[in-house]
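These notes are about the structure you will find just below.
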Amino acid sequence: MKLRFLIIFFIILLGIFFIWQGMCSPKDLAFTENKLFSVERGQSLFQIAENLEKEGLIKNKFLFDFYIITKGISRKLQAGEYYLSPSMNIVGITKKIISGEVAKIEVTIPEGFTIKQIEERLNLKLPGTDLEGFLFPDTYQFSYGVSAEEVVRKMSDNFDKKLAPYRNEISGAGLTLFEAITMASLLEKEVKTKEEKEIVSGIFWKRIKERRTLDSCATIAYVLGGGNWTFEEMRKEIAKGKEIDSPYNTYKYLGLPLGPICNPGLESIMAAVYPKDSEYWYYLSTPEGETIFSKTLEEHNIAQAKYLK
């Protein structure tokens with residue numbers, strides 16, 4: 001009787017050992033490459049376990065079921081996309097799915113990107129019609145399969161966070177936030193350096209005050225939808241577009257365009273708020289990217305003849 005008890009006890013211990021080993025040892029320690037594994041909303045524990053086994057991520061689905069049930073954590077499994085590997089054991093896989101540590105993608109949105117360019121980079125259609133200028137350019141981490149609404153929320157929140165320290169400076173300059181961002185978007189597209197942006201900002205605000213058109217080529221490019229143009233192609237397109245009847249056409253209408261033409265960075269925003277006074281009224285960009293400033297229309301015409309042959 002005693003021997004029989006010992007045998008049963010030994011079998012139980014052996015079973016516990018193999019179960020423990022199955023849960024704590026990975027399927028393939030050498031295979032460290034991550035796979036994207038999806039836990040769909042509403043999936044049962046048994047469906048998740050079966051899919052894990054099919055994907056070759058665990059040795060046995062029943063061991064996964066056993067671990068989750070004995071821990072009483074089946075309701076804590078979270079839907080999402082996860083990077084998992086056969087080198088992870090059941091405990092590690094469970095921890096990741098319970099914590100909601102979903103797969104991330106890192107995306108950089110450069111300064112000066114338009115909404116259209118952001119949508120193309122993310123392969124998403126963003127909701128809303130008044131987003132241009134107010135999605136802050138930055139490097140973001142999004143959950144794999146992120147929704148367009150979540151992208152807008154995250155980028156808008158970042159905009160509010162980055163602009164918060166400067167709102168008093170913007171209003172102190174006599175500008176609304178919308179005016180500052182609209183001007184900054186022009187500067188972002190027109191010139192490159194901080195000093196150039198400050199000078200062009202001074203030219204633009206001076207032109208607005210004197211009721212002269214801004215004559216910003218960047219606004220025409222925006223109306224035409226941009227494009228991967230060469231410098232010469234851009235000149236031809238801009239020349240044709242100057243007569244377009246659009247509230248964004250700053251060759252045709254006074255003042256700022258209807259709204260921002262891109263999403264500017266902080267440097268451009270500050271240049272819009274703190275313009276640099278100068279004697280210049282005109283400027284142009286050479287094919288090499290150099291900015292040539294002129295005080296008079298005559299000087300500007302000479303510069304055009306010299307640099308834009």
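The values are calculated or read from the model by the stated rules, or taken from the named source; none is laboratory data. Quick caveat: nothing in here was measured; it's all calculated off a predicted structure. Cβ atoms come from the backbone with ideal geometry, glycine included; neighbour counts cover every protein chain shown.
Any residue at all in the stretch 285-293 that is acidic (Asp, Glu) and closer than 23 Å to ASP160 by Cα?
The first filter runs over the stretch 285-293 and keeps only residues acidic (Asp, Glu), leaving 288, 290.
Then drop every residue that is not closer than 23 Å to ASP160 by Cα, which leaves none.
Within the stretch 285-293, none of the residues are acidic (Asp, Glu) and closer than 23 Å to ASP160 by Cα.
Counting just the residues of the stretch 164-178 that are within 23 Å of the chain's Cα centre (by Cα) and in the same structural domain as LYS276 (by TED's automatic domain parsing), which one comes out farthest from PHE113 (Cα to Cα)?
In this case the residue turns out to be LEU177.
In the stretch 67-78, is there at least one residue being assigned by TED's automatic domain parsing to the domain that holds LEU29, modelled with pLDDT under 95, closer than 16 Å to LYS27 by Cβ and surrounded by 17 or more Cβ atoms within 10 Å (Cβ to Cβ)?
Yes, there is a match, as at least one residue in the stretch 67-78 is assigned by TED's automatic domain parsing to the domain that holds LEU29, modelled with pLDDT under 95, closer than 16 Å to LYS27 by Cβ and surrounded by 17 or more Cβ atoms within 10 Å (Cβ to Cβ).
Got a sec? Which helices (runs of 4 or more DSSP H) wholly within the stretch 96-191 have at least 3 residues that are of a type in the set (D, E, K, R), in contact (Cβ under 8 Å) with a residue 60 or more places away in the chain and closer than 20 Å to THR250 by Cβ?
Fully inside the stretch 96-191 and qualifying: 177-190.
List the pairs whose first member sits in the stretch 278-299 and is farther than 18 Å from PHE204 by Cα, whose second member is of a type outside the set (Gly, Ala, Ser), and whose Cβ atoms are under 6 Å apart, counting only residues at least 6 apart or on separate chains?
As it stands, the answer is THR286/TYR307; PRO287/PHE231, since those pairs meet every condition given.
Would you check which residues across the stretch 137-170 are out of contact with any helix residue (DSSP H, G or I) (no Cβ under 8 Å at 6 or more places or on another chain) and closer than 28 Å to TRP205 by Cα and list them?
PRO137, SER156, ASN158, PHE159, ASP160, LYS161, ALA164, PRO165, ASN168
Can you list the helices (runs of 4 or more DSSP H) lying wholly within the stretch 196-309 that have 3 or more residues being surrounded by 17 or more Cβ atoms within 10 Å (Cβ to Cβ) and in contact with a Ser or Thr (Cβ under 9 Å, 6 or more places away or on another chain)?
In the stretch 196-309, 217-223, 266-273 are the helices (runs of 4 or more DSSP H) which contain 3 or more residues that are surrounded by 17 or more Cβ atoms within 10 Å (Cβ to Cβ) and in contact with a Ser or Thr (Cβ under 9 Å, 6 or more places away or on another chain).
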